[in-house]
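A quick write-up on the structure given underneath.
The values are calculated or read from the model by the stated rules, or taken from the named source; none is laboratory data. Nothing here was measured: the structure is a model prediction, and the numbers come from that model. When we count neighbours, we look across all protein chains shown, and the Cβ atoms used for this are built from the backbone with ideal geometry, even at glycine. Just the protein is used for accessible areas: all its heavy atoms, side chains included, with ligands, DNA and RNA removed. Shrake-Rupley method; radii C 1.70, N 1.55, O 1.52, S 1.80 Å.
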Amino acid sequence: KVINQRRGNTINLLLAEKDLMLDLEFTAWDYDVLLPEDGIIAHANHYVSPKFTHYDNNKREIESSIVRYARAVELLQGIEGKAGVDDLKRILADKGICTEFPGAGLYQNWGTFRRLIMIPAEKKLMISNPSDGGAYKTYTL
């Protein structure tokens with residue numbers, strides 16, 4: 001059902017259950033399925049699928065996103081075994097990933113609004129507001 005929904009913009013959905021992770025990357029008119037590489041799946045704000053990379057045309061936004069994506073992959077690769085909640089909190093708080101709002105100019109509204117961690121097996125969603133101290137609030141779904 002998700003794939004056939006009307007969209008007006010790009011969307012990225014990370015889907016996970018017990019032993020399966022995949023990333024659905026959407027344009028307004030198409031989609032692609034991304035699978036983990038070496039057990040790792042990450043995403044930032046640029047297209048990862050080769051099918052869509054030619055649509056990324058804002059150089060400043062894409063460069064920043066590519067750097068943040070590479071940093072996330074690097075930190076995930078450094079974890080032995082499965083990543084835990086504390087690992088994910090540390091990664092999402094990393095200054096190479098969590099960007100502060102510059103406060104002026106054309107990109108004054110660019111930055112990390114929220115950090116999200118989902119724990120499907122426990123039906124939990126954890127949300128952090130970096131500009132409000134970064135503490136996570138946990139919601140049971």
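Applying the criterion of being at pLDDT 90 or above and in a loop (DSSP other than H, G, I, E, B) to the residues of segment 71-82, the residue that is most open to solvent (accessible area, probe 1.4 Å) is Glu80.
Which of the following residues is acidic (Asp, Glu), surrounded by 15 or more Cβ atoms within 10 Å (Cβ to Cβ) and free of Cβ contacts under 8 Å to residues at least 12 places away in the same chain: Asp56, Asp19, Asp32, Asp23? Before the answer, list the steps.
On the way: Asp19 fails: surrounded by 15 or more Cβ atoms within 10 Å (Cβ to Cβ); Asp32 fails: free of Cβ contacts under 8 Å to residues at least 12 places away in the same chain; Asp23 fails: free of Cβ contacts under 8 Å to residues at least 12 places away in the same chain.
Result: Asp56 is the single residue among Asp56, Asp19, Asp32, Asp23 that is acidic (Asp, Glu), surrounded by 15 or more Cβ atoms within 10 Å (Cβ to Cβ) and free of Cβ contacts under 8 Å to residues at least 12 places away in the same chain.
Checking each residue in segment 24-69 for being over 14 Å from the mean Cα position of the chain (by Cα), assigned to a helix (DSSP H, G or I) and of a type in the set (Phe, Trp, Tyr) picks out only Tyr55. A single member of Arg7, Arg68 is touching a Cys at 6+ places or on another chain (Cβ under 9 Å) and at pLDDT below 90, and it is Arg68. Within segment 23-35, is even one residue closer than 25 Å to Lys137 by Cα and modelled with pLDDT of 90 or more? For segment 23-35, residues closer than 25 Å to Lys137 by Cα and modelled with pLDDT of 90 or more: present.
Consider segment 1-11. How many of its residues are open to solvent by less than 60 Å² (accessible area, probe 1.4 Å) and within 17 Å of the chain's Cα centre (by Cα)? Can you show your working first?
Within segment 1-11, the subset open to solvent by less than 60 Å² (accessible area, probe 1.4 Å) is 7.
Applying the additional criterion that residues be within 17 Å of the chain's Cα centre (by Cα) yields none.
Of the residues in that region, 0 qualify.
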